[in-house]
Amino acid sequence: RSGAEQFAFQAEVSRLMDIIINSLYSNKDIFLRELISNASDALDKIRFLSLTDKAQLGEGEAANLDIKIWLDAASRTLNIRDRGIGMTKDDLVKNLGTIAKSGTSAFLEQMQKGGDMNLIGQFGVGFYSVYLVADYVEVVSKHNDDKQYIWASTADGSFSISEDTENEPLGRGTLIKIHLKEEAQEYANEAKLKELVQRYSEFINFPIYLQAEKEVEVPVEEEAEEAKEEDKAEAEAEEEEEEEEGAEDDEEETKEEAEKLKATRKEKRMEWELLNDNKAIWLRKPSEVTEEEYQKFYKAVSKDYSDALAYTHFRAEGDVEFRSILYIPSFSPYDFYDKYYEKAQNGLKLYVRRVFISDDMKELIPRYLSFVKGIVDSDTLPLNVSREMLQQEAALKTIKKKVVRKVLDLIKKMAETEVKCKDMDEKGETEGKPSEKDCGQYGKFWEQFGRSIKLGIIEDTTHRNRLAKLLRVYTSKSGDKLTTLDEYVSRMKEGQKSIYYLAGASKEEVASSPHLERLLRKGYEVIYFTDVLDEYVMGHLLDYDDKKFVNASKDDLKLSDKDEVEKKKDKELKEEFKDLTKWWKKVIEDSRLQTVKVSNRLATTPCVVVSGKYGQSANMERIMRAQAF
Ligand code: ADP
Ligand code: MG
C-alpha cells in the first residue's frame with residue numbers, strides 16, 4: 001500500500017510466527033477459537049466502557065455487540081468482524097507485533113520441546129495462531145479515539161500499517177481478513193466454520209453469526225395470495241374439527257403439506273445464521289445443565305483446553321445476591337507459581353447483571369485460590385460506577401467470603417472421598433465405593449495445586465485449620481504414599497505429645513539424617529518435608545489437633561519428660577565430657593557455633609550439628625541461599 005508504514009516484529013514474536021506458519025500441527029482449527037475469543041474480549045471492553053460513558057457505544061449498527069463471520073469469494077478471504085473496542089494505530093503497533101507478551105518466550109520454549117500448540121491462548125499470544133491457516137492477514141480496526149487503520153503482514157518478519165482508504169468504515173471494531181493458505185482451503189467452507197464455532201465457542205456471551213447460503217422456500221408469485229387464503233380457511237376448519245374429535249389425522253396432514261409445496265419454490269439465499277445460544281449458562285438451574293455443557297463453558301471461560309477437575313455451581317441469596325460457577329482446573333498453568341506475589345489474578349470473571357466487569361479482581365478471591373476459574377455474577381453490585389469505586393463495595397467482601405467457602409468445600413469433598421477410598425481399600429470393601437475417577441481426584445489436585453494449600457496456610461489465618469486438614473505429607477511410615485495429618489495423629493504412640501518433622505532437600509536425604517535416630521527408635525513417626533515452602537508453612541502452623549509441631553533438627557528436641565534417674569545420668573555425662581565440649585568449641589573457633597553440648601538425641605551417630613531453637617534450620621538456610629523462593 002502506498003504510504004504504509006513498515007514495522008519489524010519484535011524478535012521473539014517473529015520467531016514465534018515463523019514456527020506457527022511453518023507448523024505441521026494438524027489441529028489448525030484452534031485459530032478460529034482464538035480470534036473469536038479476542039473478539040469477545042474486545043466486546044466486553046466496550047460494553048464495560050459504555051457503562052459509565054454511554055456515548056462510547058455509538059448508535060444503530062455500532063451498538064449491536066456481535067461477531068460476524070463470512071467468506072468472501074472475490075478476495076478469497078475468511079472474514080471475522082466484531083463491534084468491540086477496536087484498536088488505535090498505537091494499539092495495532094504494540095499489541096500485534098512490537099511488544100512481546102511475557103508468555104512469548106515461554107511458549108517458544110514449550111514449542112521447541114514439542115509442546116501442544118493448543119495451549120497458545122494461555123501464553124497470551126493466541127492472535128498469531130491465525131498463521132496456522134493464513135499466509136497473509138489484514139486487520140482492519142477502528143477505535144473511537146482514532147481513525148480506521150489496516151495492519152497487514154505475511155509473517156515475513158515485518159508488518160505494515162496504513163490509514164484505511166479502501167474498506168467500508170467499520171464504525172467501531174475490528175475486521176480480520178484471513179487469506180487462507182492453499183493447504184487450509186478446508187476453512188473456506190461454511191459447514192466447517194459452523195461446526196467449529198459450535199464446538200469451540202458455544203458459550204461466548206455475544207451472538208456469533210455466520211453468513212451462509214441457505215435454502216429458503218419462497219412462495220411462487222401468482223399462487224402466493226391464493227395459497228395464503230386457502231391456508232387460512234383450512235386452518236379454521238381444522239381447528240373446529242380438532243375440537244370435535246380431539247385428534248389429528250396424519251394422512252390429511254401430509255396431503256396438505258404436499259399442496260403447500262406446490263405453492264412455493266426453493267431458492268438459495270445468503271443469510272446470517274445465529275450459531276450460538278448466548279444465554280448465560282450460570283442463570284440456568286444446575287439440574288438443567290449437563291456435564292458436557294459445564295466443561296464446554298469452562299473452556300470458554302478459562303482458555304484451558306482440558307476438562308476442569310471439579311466445579312461447583314450455586315446461587316447465593318440474602319443481603320448479597322449472586323450466582324457463580326467455580327472451576328478447579330486439571331492442570332496448573334505453566335508459570336502459576338512464578339512471581340506468585342506480583343501477578344494479576346485473572347481466573348475469576350466478575351459480572352454485574354450479566355455485564356462483564358473485570359477478570360482481575362483481587363477483592364473477589366484470595367491470592368492462594370487464584371487458580372480457580374469461572375464467573376461471579378451479582379445483582380447486588382452497582383453497575384455504572386468506576387472500577388475503583390466497585391472495589392470499595394462492602395458486598396464484594398461478602399461475595400469473597402462465600403466464594404472461599406465454596407472452593408474449600410469443593411476441595412474438602414475431593415479430599416474426603418480420597419480418604420474414604422483408601423479406607424475401603426484397606427478394609428477390602430467395595431460396596432458403595434466412589435468411582436475410580438472420584439477416588440483419584442484429590443491426588444491429582446494435590447499434585448497440581450498442593451502448593452496453594454500451603455500458601456493458604458501462610459496467608460489465610462481464618463481457614464488455617466481447614467487447610468491443614470488438606471495437607472498431604474510423606475513420613476517415615478508412609479512409604480511412597482502421601483498421608484494426612486489425621487492419619488499421623490491416629491498412629492501416634494502412647495506418650496507421644498508432638499508431631500515431629502524434618503526438612504531437607506529430598507526424601508532420601510531426610511530419611512538418612514542422624515536427627516531422626518532416637519525418634520525412629522522410639523517408634524515415633526516423622527514427617528519428611530522436601531518442598532521449599534514447607535518450613536515457611538511450619539512457621540505459621542504451630543500445632544494440629546492440639547499437638548505441637550516439633551522440628552527434629554532443632555536444639556530443644558525433647559522426646560518425653562525425663563524421670564529422675566535419667567536426669568541424674570544426663571548431669572553426670574555433662575560433667576564427664578565438660579572438658580571435651582569446651583575444647584571442641586575452642587578448636588572450631590567459629591562465630592556461627594553457639595555451643596557444644598552433650599545430648600541424648602542420637603542413637604548411633606556420635607555427633608551432629610543442630611540449629612538453635614530460635615535459629616534458622618539448616619534446610620531453611622539452604623533455601624535462603626539458593627533464593628529459590
Ligand atoms: P490475548 O488475547 O491473550 O491478550 P492475543 O495474542 O490473542 O493475546 O491478542 C493480543 C492483543 O491484541 C489483545 O490483548 C488485544 O489487545 C489485541 N486484540 C487482538 N484481537 C483484537 C480484537 N478483535 N479487538 C481488539 N483488540 C484485539
Ligand atoms: Mg487472545
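The values are calculated or read from the model by the stated rules, or taken from the named source; none is laboratory data. In this text, all values refer to a predicted model and were calculated from it rather than measured experimentally. Heads up, the Cβs are rebuilt from the backbone with ideal geometry, glycines too, and the neighbour counts pull from every protein chain shown.
What the table below lists for this structure:
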item	result
Some residue of the range 419-432 being within 21 Å of L326 (Cα to Cα) and either charged (D, E, K, R) or crowded, with 16+ Cβ neighbours inside 10 Å (or both)	no
Check on A152, small (G, A, S), away from ligand 1 (no atom under 13 Å from the Cβ) and buried (at least 20 other Cβ atoms within 10 Å of the Cβ)	no
Count - residues of the range 48-73 that are outside any strand (DSSP E or B) and within 16 Å of ligand 1 (Cβ to nearest atom)	10
Boolean, A11 is modelled with pLDDT of 90 or more and more than 13 Å from ligand 1 (Cβ to nearest atom)	yes
Within the range 101-111, considering residues that are within 16 Å of ligand 2 (Cβ to nearest atom) and over 20 Å from L35 (Cβ atoms), the one surrounded by the most Cβ atoms within 10 Å (Cβ to Cβ)	A106
Qualifying positions in the range 349-405 - in contact (Cβ under 8 Å) with a residue 12 or more places away in the chain, assigned to a helix (DSSP H, G or I), of a type in the set (K, R) and under 27 Å from D304 (Cα atoms)	R367, R387, K400, K402
Enumeration of residues in the range 26-38 that are polar (S, T, N, Q) and either within 11 Å of ligand 1 (Cβ to nearest atom) or within 25 Å of I67 (Cα to Cα) (or both)	N27, S37, N38
Some residue of the range 170-180 being surrounded by fewer than 23 Cβ atoms within 10 Å (Cβ to Cβ), at pLDDT 95 or above and more than 27 Å from N64 (Cα to Cα)	yes
Residues that are in contact (Cβ under 8 Å) with a residue 24 or more places away in the chain, farther than 13 Å from I20 by Cβ and within 16 Å of ligand 2 (Cβ to nearest atom), drawn from the range 122-158	Q122, V139, S141, W151
Which listed residue, of G114, G121, is surrounded by fewer than 16 Cβ atoms within 10 Å (Cβ to Cβ) and either under 25 Å from the mean Cα position of the chain (by Cα) or part of a helix (DSSP H, G or I) (or both)	G114
Any hit, the range 74-91, residues being within 16 Å of ligand 2 (Cβ to nearest atom) and part of a helix (DSSP H, G or I)	yes
Looking only at the range 112-121, and only at residues there that are of a type outside the set (A, V, I, L, M, F, W, C) and more than 11 Å from ligand 2 (Cβ to nearest atom), the one that is nearest to Q148 (Cα to Cα)	N118
Y25, sole failed condition from (1) closer than 16 Å to M87 by Cβ; (2) in contact (Cβ under 8 Å) with a residue 40 or more places away in the chain	(1)
Matching residues in the range 82-100 - criterion: being of a type outside the set (A, V, I, L, M, F, W, C), farther than 20 Å from A300 by Cβ and either surrounded by 17 or more Cβ atoms within 10 Å (Cβ to Cβ) or near ligand 1 (Cβ under 6 Å from one of its atoms) (or both)	G86, T88, K89, D91, N95, G97
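Condition check ((1) within 15 Å of ligand 1 (Cβ to nearest atom); (2) farther than 19 Å from G173 by Cβ; (3) part of a helix (DSSP H, G or I)) across all residues:
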site	(1), (2), (3)
S2	no, yes, no
Q6	no, yes, no
I19	yes, yes, yes
L24	no, yes, no
S40	yes, no, yes
I46	yes, no, yes
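Let's see how each residue does on (1) modelled with pLDDT under 95; (2) buried (at least 17 other Cβ atoms within 10 Å of the Cβ):
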{"residue": "M389", "(1), (2)": "yes, no"}
{"residue": "E393", "(1), (2)": "yes, yes"}
{"residue": "I399", "(1), (2)": "no, yes"}
{"residue": "V407", "(1), (2)": "no, yes"}
{"residue": "E416", "(1), (2)": "no, no"}
{"residue": "S435", "(1), (2)": "no, no"}
{"residue": "G440", "(1), (2)": "no, no"}
{"residue": "I453", "(1), (2)": "no, yes"}
{"residue": "D460", "(1), (2)": "no, yes"}
